Amino acid sequence: MPENDFVLQVATVNGSGSQSANLILVRTMFRMGIPVGGKNLFPSNIQGLPTWFTIRAHPHGFVSRRPKQDIVITLNSATAKADQNSLRTGGLFLHSTDCRLADGDLRQDITAVAVPFRDLVSQASDSVKAKKLLANMIYVGILAELMNLDRKILGQTVEDQFSHKAELVAANQKAVEIGSHWAKENASKLPQVAKAKLIPGGNDGQVLIDGNTAAGMGLVAGGCTVGAWYPITPSSSLMEGFIRYSEQWRKEASGLSKVAIV
């Protein structure tokens, strides 16, 4: 099995908090020196509708999308049966037990494993709201175990992601450990179809940035001084990037902002 050469896809719904978990995975791999890219696949729609996130890694830096995935994780009942069709033969399909897929719904040329996300996340928190978000960190822990992600780097990435709230760091770290422990206990039915290996200095001198953030930076560099928009995914992060960099680069010594945001 080649190292650092894989594609994995996560299927969830808008507003479920999966974006943070997926970014943690991408950033962890990048910090491990692995050439990696992430792609959010979703229409501009309301909360609760389907969304997918694809992560591609390749030792030679090929990070564009590939037709077939090595691992697919689905927590969305509405798309679960169809999600497995993007897997290559021999791939791994991790589906929530809440998706209620029968044996007849599953392809016979892949390994399909039901994951009790609801039960596992109950070990991480008693809060209904928190459970909805922490379910995503359960699959981060499972993948960490399956793919041999560097735990020290993963832990630091989780801290960086939730640095604004210490209690969120602890809760998310706990969810990662619960997912990892479940993967260890179920190792016999979880084939390692993708493997991540640390490459010291592999991404030195490079930055990991998404398109909307880069565009926000470009707006500031290009001289834009007014931003007006309706907040909605996927456009919000572009304006958020513009606001963030404007606060850094477009303020006078007196603190007066030279940018208008509507």
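The values are calculated or read from the model by the stated rules, or taken from the named source; none is laboratory data. What you are looking at is a predicted structure, and each value in this text was computed from that prediction instead of being measured. Neighbour counts run over all protein chains shown; Cβ positions are idealised from the backbone, glycine included. Ligands, DNA and RNA are stripped out before the accessible areas are found, and what is left, the full protein with its side chains, is counted by its heavy atoms. Shrake-Rupley method; radii C 1.70, N 1.55, O 1.52, S 1.80 Å.
Listing for the model above:
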{"item": "Hey, Phe30 of a type outside the set (Ser, Thr, Tyr) and open to solvent by less than 10 Å² (accessible area, probe 1.4 Å) or not", "result": "no"}
{"item": "Listing of helices (runs of 4 or more DSSP H) fully contained in the range 146-262 that carry 3 or more residues being under 27 Å from Ser127 (Cα atoms), out of contact with any Lys or Arg (no Cβ under 8 Å at 6 or more places or on another chain) and of a type outside the set (D, E, K, R)", "result": "151-161, 166-185"}
{"item": "Unique match (being more than 21 Å from Ser237 (Cβ to Cβ), over 19 Å from the mean Cα position of the chain (by Cα) and acidic (Asp, Glu)) among Asp70, Asp103", "result": "Asp103"}
{"item": "Enumeration of residues in the range 219-239 that are over 19 Å from the mean Cα position of the chain (by Cα) and within 26 Å of Thr157 (Cβ to Cβ)", "result": "Met239"}
{"item": "Among (1) part of a strand (DSSP E or B); (2) modelled with pLDDT of 95 or more - the single one Arg27 does not satisfy", "result": "(1)"}
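Let's see how each residue does on (1) small (Gly, Ala, Ser); (2) open to solvent by 60 Å² or more (accessible area, probe 1.4 Å):
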| site | (1), (2) |
| --- | --- |
| Lys81 | no, yes |
| Asn85 | no, yes |
| Thr89 | no, yes |
| Cys99 | no, no |
| Asp105 | no, no |
| Pro116 | no, no |
| Val121 | no, no |
| Ser127 | yes, no |
| Leu133 | no, yes |
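Quick grid of which residues meet (1) more than 29 Å from Gly33 (Cβ to Cβ); (2) of a type outside the set (A, V, I, L, M); (3) free of Cβ contacts under 8 Å to residues at least 24 places away in the same chain:
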position	(1), (2), (3)
Ala78	yes, no, no
Gln84	yes, yes, no
Asp98	yes, yes, yes
Gly104	yes, yes, yes
Ala112	yes, no, no
Asp126	yes, yes, yes
